[in-house]
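Following: one structure in structure tokens, then a few remarks.
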Amino acid sequence: MTVRVVCDFDGTISERDMIVSIMRHFAPEASEPIIQAVRAGERSVKDGVEAMFALIPSEKYPDVVAYAQEATIVRRGFPQFIHTCAQLGWKVAIVSGGFDFFVEPVIHNLSTAPVDIYCNRIDASGPRLRVVWSKPCDEACDGGCGLCKPRVIREMVEPGDPVIAIGDGVTDVKAAKMADFVFARSDLLRLVRELGLPHLPFETFDDITAAILDKRSEVYAHL
């Protein structure tokens, strides 16, 4: 039995939602209604993210990359959290609806332990930016995820492996429902409370590290 940790990136590892930050920098007026529609559940994540990136001309892609890498602020305690998981023998996967150009540099720079990364990429070969989803929804999902976190969990988790989900938003709800335990903040915290899922709130990764190091923690009652 191996504990599997499935961790979101935007708004979780990064303090900002980087897709929202990119849009508000490069296409603020046109993207805002789409952002709000996705957050309200009126538009799927897949449809919304594709529509937002299509607002940006491909010639701007180098500027988008530079902006995202400069603007990413990592939530306190993340490197120590990864180190602690490795010490416990837990397997960590960063499962992000975000993109390789801002997710991978952060993880590779901060983590010395093995971490699997699932994220997406941008095709800038046409006139407008186009999203390429690395793990689109499979037949077991009801669709609209973009990067399908339930699919990733189904593919990576062996029978009997407990799953811990870490996230902050509506895009993490499906993963939270599949997990044995959830660390949640922001909108996800409200949603897991409404759903009655076993969870603890967090603001920094120091909070999570403290919980997983304490064998009396509520986490261990569900693993």
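Once percent of Cα pairs over 30 Å apart is calculated for the structure shown, the corresponding label among (i) 50; (ii) 29; (iii) 20 turns out to be (iii).
Give the distance, in whole Å, between the Cα centre of segment 48-75 and the Cα centre of segment 179-213. Each part reduced to its Cα centre gives a spacing of 29 Å. Toward the positive end of the charge dipole of segment 18-71, with +1 on the Cβ of Lys and Arg and -1 on the Cβ of Asp and Glu, the farthest Cα among Ile19, Ala40, Ile56 is that of Ala40.
When +1 charges are put on Lys and Arg Cβ atoms and -1 charges on Asp and Glu Cβ atoms, the dipole computed for the chain relative to its Cα centre reaches about 180 debye. Here the contact order of the chain, divided by its residue count and restricted to Cα pairs under 8 Å and six or more residues apart, works out to 24 percent. Projected label points at Gln36 and Ala210, each 7 Å from Cα along the beta carbon direction, are separated by 3.8 nanometres. Over the chain, dividing the summed -39,500 (n - 2.57) contributions of all DSSP H runs of at least 4 residues by the number of residues returns a 222 nm mean residue ellipticity of -12500 deg cm²/dmol.
Among Met18, Met178, Met156, the residue with the largest mean-square fluctuation in a Gaussian network model of the chain, with springs joining Cα atoms closer than 10 Å, is Met156. Largest GNM mean-square fluctuation across Asp207, Asp17, Asp138, computed for the chain with C-alpha springs under 10 Å, falls on Asp138. Tell me whether segment 68-140 comes out rounded, prolate or oblate; compute the Cα gyration tensor, take square roots of the eigenvalues as a ≥ b ≥ c, and use a/c under 1.5 as the rounded threshold. Oblate shape, in that a/c is at least 1.5 and b/c is the bigger or equal ratio. Site-free segments of the chain were taken between GluC sites (Glu not before Pro) in DSSP loops having at most 11 other Cβ atoms within 10 Å, sites themselves excluded; the longest one is 43-138. Whole-Hz Karplus values for segment 52-67 come out as 5, 5, 5, 6, 9, x, 4, 5, 8, 4, x, 5, 4, 4, 4, 4 Hz, taken residue by residue from phi with 6.51 cos²θ - 1.76 cosθ + 1.60 and θ = phi - 60°; glycine and proline positions read x. Remark on the chain: Cys7, Cys85, Cys119 stand apart, with no other cysteine beta carbon under 4.7 Å.
Within the shell defined by Cβ-Cβ distances under 13 Å, the residues around Lys177 carry a net charge of -1, with Lys and Arg each +1 and Asp and Glu each -1. Mind checking which of Cys85, Cys141, Cys119 has the largest fluctuation in a GNM of the chain, springs on alpha carbons under 10 Å? Highest fluctuation among the options: Cys141.
Only the coordinates and a few stated rules stand behind these numbers; no lab work does. Source: prediction; values computed, not measured. Here the Cβ is made from the backbone with ideal geometry for all residues, glycine too, and neighbour counts use every protein chain on show.
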